[in-house]
């Protein structure tokens with residue numbers, strides 16, 4: 001699996017890495033037990049900061065997608081392939097993290113970002129009711 005990042009976009013590189021690993025897993029290009037490059041190797045290959053790749057790997061590890069074994073390397077976890085609902089929730093979590101990253105980059109305080117989100121969220125709920133669409137459980 002080859003990871004490519006676009007350094008010209010405002011989409012954070014670490015999220016691009018996370019999304020590509022998840023997409024490769026979903027597409028069957030990666031399987032439980034497959035070895036990933038080390039943080040240093042991937043950072044050199046992508047020509048990005050070591051900490052950027054480390055952040056992506058930490059997020060993937062936190063989500064149970066990868067497992068780092070000291071002295072052996074980083075592998076796709078045996079628990080990585082999850083049910084579709086779990087994958088949808090993970091994708092939504094990545095979107096929320098991207099929103100928060102962008103809000104911080106734009107200089108918004110957490111309370112300001114929350115107020116803007118809440119306003120959009122309430123509008124979305126009103127639209128669902130207006131068009132008689134039910135909320136998912």
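The values are calculated or read from the model by the stated rules, or taken from the named source; none is laboratory data. Because the structure is a prediction, the values reported are computed rather than measured. In this analysis, Cβ positions are derived from the backbone assuming ideal geometry, glycine residues included, and neighbour counts consider all displayed protein chains.
Within the stretch 1-20, the set of residues being touching a residue at least 60 places away in the same chain (Cβ under 8 Å) and either loosely packed, with under 14 Cβ neighbours inside 10 Å or under 13 Å from residue 60 (Cβ atoms) (or both) comprises 10, 15, 18, 19. From the list 97, 102, the lone residue that is at pLDDT below 90 and at negative phi is 97.
On inspection, residue 122 does not qualify as surrounded by 11 or more Cβ atoms within 10 Å (Cβ to Cβ) and assigned to a helix (DSSP H, G or I).
The residue pairs whose first member lies in the stretch 114-137 and is assigned by TED's automatic domain parsing to the domain that holds residue 101, whose second member is at pLDDT 85 or above and in a helix (DSSP H, G or I), and whose beta carbons are closer than 6 Å, counting only pairs six or more residues apart or on different chains, do not exist in this structure. Checked against (1) surrounded by fewer than 18 Cβ atoms within 10 Å (Cβ to Cβ); (2) closer than 20 Å to residue 7 by Cβ; (3) under 11 Å from the mean Cα position of the chain (by Cα); (4) touching a residue at least 60 places away in the same chain (Cβ under 8 Å), residue 23 passes all but condition (4).
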